[in-house]
Amino acid sequence: MSSSSSSLSSLPSAAAPATGTAALVLPIVLTVGLAHLINDLIQALLPAIYPMLKQGYGLTFTQVGLITLTFQITASLIQPWIGMYTDKHPKPFLLPLGAVFTLLGVLLLSRADGFYWFLLGAALIGIGSSTFHPEASRVARMASGGRFGFAQSTFQVGGNLGSALGPLLAAAIVVRYGQPHMAWFCLLALLAIAVLYRVGVWHRNHLDSGAKKVRALAQHNLSARTVKRALLVLSLLVFSKYFYMASFTSYFTFYLMQKFTLSLAHSQILLFLFLAAVALGTFFGGPIGDKVGRKTVIWFSILGAAPFALLLPYANLFWTGVLSVCVGLILSSAFSAIVVYAQELIPGKVGLISGVFFGLMFGFGGIGAALLGHLADVYGIEFVYAVCSGLPLVGLLTVLLPNLQEAKHG
């Protein structure tokens, strides 16, 4: 981590004068990926300690879902507005400010002693996330040197790695030693503030170099109606992906503990394997999209996960582990491709588009967690996975997306 920060500090003051035309600024891409790792690791602590909170404070599945909903809604509703505002009025130091809210949320959760305090702590972490994602995604694109899929995937995989490490660290520290020890993660939040301050300096110097005067133009000849239809299809694909992902991030440990009588520690290991597969799939999705096209990756990712998802509710413990890894690996490759595809549909609105799609990701995930929690209370946790198994079939809607490579020459 420290080596990334030192590499960052040695960068020239304006390393990338124009988005898409300068060379790749790899230290910046890696640094925002590191910050994404810390941000999402902290986010992942919350669902990782749900079983402990549920038992210790007598929470219902519905209340667990509402905690997730509170986090996801605060993390989603603010993002598009931040992105839209900073498209017009860049704020390089908004990134470290957002990390301050995350720090406060972690500190509150380590001391919270009731349901409503958990809601407030989750909301503060959500606000921190809502300021982080659109701006960090913008910085990754600025530093991409035209390798937009690679930069977005590298940025995104940092978050996926954080999501994978969160449950392991929660099991090793918070579950083992108790809720107050969650305060140790404030150190990571402080590191994020320091790292993002340095990113803010680079961003400011990048703007001072005149990059803000560069105006992106559409590289396709699609009508406004076609663009709107494509954005609607992309939104529905994000819906299917993150409704299904919510069943894993919030309830997979409960599912494994109930169906296979696993301990919390063993169920966290299987959750880690799923999330590690998500990180791996994300890493490959963007660069492959740069080479073969975003639409091809979206086709394979969402629809390709369907056979494994449909089999999972009926598998034994071994095959549940195998199938969940396959689902995570395939399904995760779509998001970077979706974000870059949308940015190419509406160029010049990187912050808005990033905010909208990261916001949809959190919003659909939060609504899904709340609804699935209620279903689990009423019908049982195994019923949730039977219902969700068909969601990847929504990937068939990809046929409605225009081919941007053809549109560029149309």
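Please return the ranges of helices (runs of 4 or more DSSP H) entirely within region 26-120 where 1 or more residues are in contact with a Cys (Cβ under 8 Å, 6 or more places away or on another chain).
Where helices (runs of 4 or more DSSP H) fall fully within region 26-120 and carry at least 1 residues being in contact with a Cys (Cβ under 8 Å, 6 or more places away or on another chain), they are 94-111.
Spot the failing condition for Lys291; the list is (1) under 24 Å from Thr62 (Cβ atoms); (2) of a type in the set (D, E, K, R); (3) more than 21 Å from the chain's Cα centre (by Cα), and only one is missed.
Just one mismatch for Lys291, condition (1).
Does Ser333 meet the test of being without any contact (Cβ under 8 Å) to a residue 60 or more places away in the chain and either buried (at least 24 other Cβ atoms within 10 Å of the Cβ) or in contact with a Gly (Cβ under 6 Å, 6 or more places away or on another chain) (or both)?
Judged against the criteria, Ser333 is a match.
For region 344-356, which positions are touching a Leu at 6+ places or on another chain (Cβ under 9 Å), open to solvent by less than 40 Å² (accessible area, probe 1.4 Å) and within 20 Å of Lys91 (Cα to Cα)?
If the condition is that a residue be touching a Leu at 6+ places or on another chain (Cβ under 9 Å), open to solvent by less than 40 Å² (accessible area, probe 1.4 Å) and within 20 Å of Lys91 (Cα to Cα), then Pro347, Ile353 are the ones that fit.
Among Ala305, Ala369, which is the only one that is within 18 Å of the chain's Cα centre (by Cα) and either open to solvent by less than 10 Å² (accessible area, probe 1.4 Å) or among the β-branched types (Val, Ile, Thr) (or both)? Before the answer, list the steps.
Details: Ala305 fails: within 18 Å of the chain's Cα centre (by Cα).
Residue meeting the stated conditions: Ala369.
With the structure loaded, tell me whether Gly328 is open to solvent by less than 20 Å² (accessible area, probe 1.4 Å), modelled with pLDDT of 90 or more, closer than 30 Å to Glu135 by Cβ and part of a helix (DSSP H, G or I) or whether it fails that test.
Yes, satisfied.
Hey, can you tell me all the residues within region 286-319 that are under 16 Å from Phe252 (Cβ atoms) and in contact with a Pro (Cβ under 9 Å, 6 or more places away or on another chain)?
Within region 286-319, Ala305, Phe308, Ala309 qualify.
Check Leu103, Leu77 and return the single one that is modelled with pLDDT of 85 or more and open to solvent by 30 Å² or more (accessible area, probe 1.4 Å).
Result: Leu103 is the single residue among Leu103, Leu77 that is modelled with pLDDT of 85 or more and open to solvent by 30 Å² or more (accessible area, probe 1.4 Å).
Across region 146-173, which residue is most open to solvent (accessible area, probe 1.4 Å) among those that are among the small types (Gly, Ala, Ser), under 24 Å from Phe185 (Cβ atoms) and over 11 Å from the mean Cα position of the chain (by Cα)?
Ala172
Okay, residues lined up against (1) of a type in the set (D, E, K, R); (2) under 24 Å from Ala265 (Cα atoms); (3) not in a helix (DSSP H, G or I):
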site: Phe150; (1), (2), (3): no, no, no
site: Val157; (1), (2), (3): no, no, no
site: Gly162; (1), (2), (3): no, yes, no
site: Leu165; (1), (2), (3): no, yes, no
site: Arg198; (1), (2), (3): yes, no, no
site: Trp202; (1), (2), (3): no, no, no
site: Thr226; (1), (2), (3): no, no, no
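The values are calculated or read from the model by the stated rules, or taken from the named source; none is laboratory data. In this text, all values refer to a predicted model and were calculated from it rather than measured experimentally. Backbone-built Cβ (ideal geometry, glycine too); neighbour counts: all protein chains shown. Keep in mind that these areas ignore ligands, DNA and RNA; they rest on the heavy atoms of the full protein, side chains included. Shrake-Rupley method; radii C 1.70, N 1.55, O 1.52, S 1.80 Å.
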